[in-house]
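Below: the structure, in structure tokens.
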Amino acid sequence: MKHLLSIEELETEELRELLRITPSFAEVASRRIAKVPALRGQTVATLFYEDSTRTRLSFEVAAKRLSADTLNVSVSSSSVNKGESLRDTAETIEAMGIDAIVMRHKSSGAPWQLTKWVEASVINAGDGWHQHPTQALLDCFTLQQSLGDLADRHIVIVGDIKHSRVARSDVAAFTMLGATVTLVAPPTLLPPAIHTWPVQVSHDLDQALTDADAIYLLRMQNERQNEALVPDMREYTALYGLTAARASRLAASVPIMHPGPMNRGIEIAADVPDLDQVVVIDQVRNGVAVRMAVLFMLLGSGSSGLPVIPPPELAGASS
Amino acid sequence: MSAAASQSYIVRGGTLIDASGTRPDDLAIVDGVIVPVDEAPSSAIEIDAGGAVVSPGLVDMHAHVGEPGDEPVETMRSAGEAAVLGGFTTVLAMPNTFPPVDTAAVVEHVRILSADALCNVEIAGTVTVGAKGERLAPLGELAAAGVRVVCDPGPGIQNPLLMRRALEYAKPLGLTIAQGAEYLALSGDAQMHEGEWSSRLGLPGAPAESEEIMVMRDIALARLTGGRVHFQTLSTAGAFAIIGAASGSGLPVSAEVASHHLALCDADLAGYDTNLKVTPPLRSAGDARAAASAVAAGRVDVIVSDHTPHSSDRKDRPFDQAEPGSVGLETALSVALTSGLDIESVLRAMSWRPAELIGLGSPTDRALVPGAPADICVIDPNATYVASVASMATNGTNSAVEGVEMRGRVRTTFVGGQLVVDQGKVMA
């Protein structure tokens, strides 16, 4: 595996392998000295063209726990603001000697262009509406912690599917693992050719939740009402929000997920995030572990076809 | 061409195809016109057309030639070489240049520049000042300067009242209004065709209906005004059906399709190759098949190159920031033949029908008969090659068919009796 661009480009076995090795990386985080020398001497650059706190930090922590050097390219204060093209920026930072570029970009497909210009491994940390593969990995891992095997489990994803890279990645990953997925959204927030996706579609959240094994809420952006995609936020919340009443009808075993940041009072009622079954913090915690697994798979011994479980001498605490 | 075409030629062994039919025959070229072979002087050079098709020169109704204003990317010289290598002996140069062709003075300037081209260059004017879609350009002045087609390149004039006025005003001047068909209020910031692939790739899509609504609107306005409308680069099965019905009922409308829409579709965008970003966007595989059937059935009149050269920096970008367009002059004929269309339909759509639509004479005026102008191309219909922009004459670097295996290639081109391409190479 050279790059991680999308879930759809992964073989099912590669997805399962990444999830299988993730616990050993989660274990590293629990150590007193949470660091292994697996990627010592390698450099990982993060190149974020969109603001993101959690994803960038998560990758940075993951790289540091593997002893990689990290290099943050701050787009807002760099030559990008002086009109430098993505290609020139990428070639410039690669010339400094880096092994992987973690990129977030507002343009769908931008990481595909990047792979044509650089030799480094490219990890897609979110491209436009398209893909966010490490989010899907951490979501799968978190769901497995709650539900075990995802085969034949029913996962309900609610919200702005059309503009969501999280939804596109999660649908691909969940269905690859055998889960049944129902998307719940107003028709205006679904992709135009939704009938070609391997999912069920509903416009009735209450009905969809009756046999849900997990519920995944997407962030709803205010600007959607200006585009006439929804009448207003009040109606959206009434029809598609996880209100307190809806949350109270869920079994306690049904995990409630959200990629963050949450809009309390819009897609999720103000007090619902405090319920025990909300696993948003687990998602964040697991994000570091799956990103360690991804970096190790791309840059560590996993990338050369050797056994991907870290050998003991690498797994020992550094120092 | 200014130089006197004193050299004579005999084109031997080919199959002649023109508006009057298909037959094996030889022809000779003396002083820029076609003559019977027995009238050729003994100094005539023999051109071997064995196994090849001899056609009236191709006419491209839709090419962006770079000059004036975009010379670092394309010039009359480079675009003209590309044209004649592709078998085109005449191109209609689009007017969205810098400055735009919205006055007689610019028409004259472009005419002077066009002396550098190896092909004939017809000049389109704009419909509105600066092609901005706000107020009418001096259409009478443009017509007097020799313009026969006016066009605001792009999605077409959005304001229906302005379009009505343009059609009314242009009608007695004999001008055809050519325009694209995209209702921007519906397509928004679309980056590709709306459908399965836009849903997967996370790119905003333009529904086929954003084209079809504009076609219906302009057909209605042609009926209202009697003005002549030519639809540029239609791309959807629905639009082909609508235009077919309208032209069948005698309305003064015609239509073209770009060659890449015959061969490529939205699924080809899976790797976000920006060279495949064109406007209108590559549509579904079904739309591409419908385009070929529409040409074969004559519902669509013309195949064009929609030659739109860019430098690499305009394409080496994320998909939504890349400029749309593809070069096409050198490959349009090959792409059309590769799509499976019969060669008679292809030549009708690329030679005598577009010539008629831009005012170069009737199909019989352009037939390969004694006395006709010696604008001729010789095509080897079975030659195969792999399209490679690096080996093309255009200075543009953006070919939508890069790496695609092509069938059918131009061997020889005469412009005004002068041999400009021989054995697939530009002469002089």
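The values are calculated or read from the model by the stated rules, or taken from the named source; none is laboratory data. Values in this document were obtained by computation on a predicted structure and should not be read as measured data. Cβ placement follows ideal geometry from the backbone for every residue including glycine, while neighbour counts extend to all protein chains displayed. The area values use the complete protein model at the heavy-atom level, side chains included, leaving out ligands, DNA and RNA. Shrake-Rupley method; radii C 1.70, N 1.55, O 1.52, S 1.80 Å.
Here is how the numbers come out for the structure above:
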quantity	calculated
Some residue of the range A:196-205 being at pLDDT 95 or above and small (Gly, Ala, Ser)	yes
Tally of residues being within 22 Å of the chain's Cα centre (by Cα) and either charged (D, E, K, R) or open to solvent by 40 Å² or more (accessible area, probe 1.4 Å) (or both) across the range B:204-220	3
Condition met for B:SER78 (open to solvent by less than 50 Å² (accessible area, probe 1.4 Å), in contact (Cβ under 8 Å) with a residue 40 or more places away in the chain and in a helix (DSSP H, G or I))	yes
Checking A:ALA228 against (1) surrounded by 13 or more Cβ atoms within 10 Å (Cβ to Cβ); (2) within 14 Å of chain B (Cβ to nearest Cβ); (3) at positive phi, the condition it does not meet	(1)
Residues located in the range A:182-230, provided they are more than 25 Å from A:PRO261 (Cα to Cα) and aromatic (Phe, Trp, Tyr)	A:TRP197
Selected residue [under 19 Å from the mean Cα position of the chain (by Cα) and surrounded by fewer than 23 Cβ atoms within 10 Å (Cβ to Cβ)] from A:GLN135, A:GLN145	A:GLN145
Check on A:GLU119, of a type outside the set (S, T, N, Q), open to solvent by 60 Å² or more (accessible area, probe 1.4 Å) and not in a helix (DSSP H, G or I)	yes
Selected residue [over 26 Å from B:GLN232 (Cα atoms), open to solvent by less than 20 Å² (accessible area, probe 1.4 Å) and touching a Gly at 6+ places or on another chain (Cβ under 6 Å)] from B:VAL73, B:VAL54	B:VAL54
Pick from the range B:91-116, criterion of a type in the set (S, T, N, Q) and part of a loop (DSSP other than H, G, I, E, B), ranking: most open to solvent (accessible area, probe 1.4 Å)	B:ASN96
Failed criterion for B:ASP38 (all others in (1) open to solvent by 10 Å² or more (accessible area, probe 1.4 Å); (2) part of a helix (DSSP H, G or I); (3) in contact with an Asp or Glu (Cβ under 6 Å, 6 or more places away or on another chain) hold)	(3)
Matching residues in the range A:198-217 - criterion: being away from chain B (no Cβ under 14 Å) and open to solvent by less than 60 Å² (accessible area, probe 1.4 Å)	A:SER202, A:LEU205, A:ALA208, A:LEU209, A:ALA212, A:ASP213, A:ALA214, A:ILE215, A:TYR216, A:LEU217
So A:LEU114, is it in a helix (DSSP H, G or I), at pLDDT 95 or above and within 25 Å of B:ALA322 (Cα to Cα)	yes
Residues (β-branched (Val, Ile, Thr) and in a loop (DSSP other than H, G, I, E, B)) located in the range B:222-257	B:THR233, B:THR236
B:SER247 being more than 30 Å from A:PRO133 (Cα to Cα) and either at pLDDT below 95 or acidic (Asp, Glu) (or both)	yes
Residues (away from chain B (no Cβ under 14 Å) and surrounded by fewer than 22 Cβ atoms within 10 Å (Cβ to Cβ)) located in the range A:171-197	A:MET176, A:LEU177, A:GLY178, A:THR180, A:THR182, A:PRO186
One residue from A:VAL284, A:VAL279 being crowded, with 20+ Cβ neighbours inside 10 Å and touching a Ser or Thr at 6+ places or on another chain (Cβ under 8 Å)	A:VAL279
Residue list for the range B:382-406, filter: in a strand (DSSP E or B) and crowded, with 17+ Cβ neighbours inside 10 Å	B:ALA383, B:SER399, B:MET406
Of all residues in the range A:109-146 being under 20 Å from A:LEU218 (Cα atoms) and among the aliphatic types (A, V, I, L, M), the one that is farthest from the other protein chains (Cβ to nearest Cβ)	A:LEU143
Test: B:GLU134 is under 29 Å from A:LEU189 (Cα atoms) and among the charged types (D, E, K, R)	no
Enumeration of residues in the range A:148-170 that are open to solvent by 10 Å² or more (accessible area, probe 1.4 Å) and either within 14 Å of chain B (Cβ to nearest Cβ) or part of a helix (DSSP H, G or I) (or both)	A:LYS162, A:HIS163, A:SER164, A:ARG165, A:VAL166, A:ARG168
Pair list, Cβ under 9 Å, 6 or more apart: the range B:47-58 residue more than 13 Å from B:GLU344 (Cβ to Cβ) and without any contact (Cβ under 8 Å) to a residue 60 or more places away in the chain, other residue of a type in the set (D, E, K, R) and open to solvent by 10 Å² or more (accessible area, probe 1.4 Å)	B:ASP48/B:ARG12; B:ASP48/B:ARG411; B:GLY50/B:ARG12
Per-region count, the range A:254-273, residues under 15 Å from A:TYR236 (Cβ atoms), in contact (Cβ under 8 Å) with a residue 40 or more places away in the chain and part of a strand (DSSP E or B)	1
Residue list for the range B:142-159, restricted to those being open to solvent by 50 Å² or more (accessible area, probe 1.4 Å) and either within 22 Å of B:LEU360 (Cβ to Cβ) or at pLDDT below 95 (or both)	B:ALA144, B:ARG148
Candidate set from the range B:156-195 (those that are within 14 Å of another protein chain (Cβ to nearest Cβ) and not small (Gly, Ala, Ser)); member that is farthest from B:VAL300 (Cα to Cα)	B:ASP189
Matching residues in the range B:124-159 - criterion: being within 13 Å of B:GLN179 (Cα to Cα) and in a helix (DSSP H, G or I)	B:ALA131
Test result for B:ILE177, crowded, with 24+ Cβ neighbours inside 10 Å and among the β-branched types (Val, Ile, Thr)	yes
Residue check for B:ARG135: touching a strand residue (DSSP E or B) at 6+ places or on another chain (Cβ under 8 Å), under 13 Å from B:TYR169 (Cβ atoms), of a type in the set (Lys, Arg) and open to solvent by 30 Å² or more (accessible area, probe 1.4 Å)	yes
B:LEU201 vs. criteria facing another protein chain (nearest Cβ under 10 Å) and more than 24 Å from the chain's Cα centre (by Cα)	yes
